[in-house]
Amino acid sequence: MYYWFMLALAVVAEVLSTVGMKYAATSSPIFGYLMMALMISFSFYAFSRAVVHIPLAVSYAIWEGLGLFLIGIAGVVLFGEYLSLGEMFAIALMLVGLLLVTFDKGKQSETEADEISPAVQTVKRKAVQVVRVPQVARTRVKSTRITALGEVAL
């Protein structure tokens, strides 16, 4: 749930950043640039936290798709912009595609099924090869393991 919350925050921050860009270009440069810089920075941070658990293709589609939809609404509501019927249809098609990408429950590989299962997850450890060092230069050899994110733990 945390990762989905971070993705939602990333979308909102991206929209606020783009609105700030419009304010910077039109009426309030200092406020607009400040809001744009802070919000896009936070958006990238929140997005980076979301992709730890949510697949990149899904999270990016949601981030950009909902962002474009909300930016379109913000343009109409806040700045009096106009969307043609074709533009609204294109946004609607994009949202349908976004729903298909997000909620697709197609065939899952065995590893994906293990990741989704509610049982306690255990990290599969790779075998570690221990090399014996001659008696003269013997030092303590630490075993290593590779975690789920590819980090090496000693």
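The values are calculated or read from the model by the stated rules, or taken from the named source; none is laboratory data. These numbers were taken from a predicted model, which means no experiment stands behind them. Here the Cβ positions follow ideal geometry from the backbone for every residue, glycine too, while neighbour counts run over all protein chains shown.
List the helices (runs of 4 or more DSSP H) that sit entirely inside the range 1-110 and contain at least 3 residues that are surrounded by 15 or more Cβ atoms within 10 Å (Cβ to Cβ), in contact with a Gly (Cβ under 9 Å, 6 or more places away or on another chain) and not β-branched (Val, Ile, Thr).
Details: elements: 2-26, 29-50, 56-79, 85-103.
Where helices (runs of 4 or more DSSP H) fall fully within the range 1-110 and carry at least 3 residues being surrounded by 15 or more Cβ atoms within 10 Å (Cβ to Cβ), in contact with a Gly (Cβ under 9 Å, 6 or more places away or on another chain) and not β-branched (Val, Ile, Thr), they are 2-26, 29-50.
Any idea which of Ala50, Ala57, Ala90 is farther than 28 Å from Ser28 by Cα and modelled with pLDDT under 90?
Every option except Ala57 fails the conditions.
Can Ala127 be described as of a type outside the set (Val, Ile, Thr) and either part of a loop (DSSP other than H, G, I, E, B) or modelled with pLDDT of 90 or more (or both)?
Values: of a type outside the set (Val, Ile, Thr): yes; either part of a loop (DSSP other than H, G, I, E, B) or modelled with pLDDT of 90 or more (or both): yes.
Taking the combined requirement at face value, the residue satisfies it.
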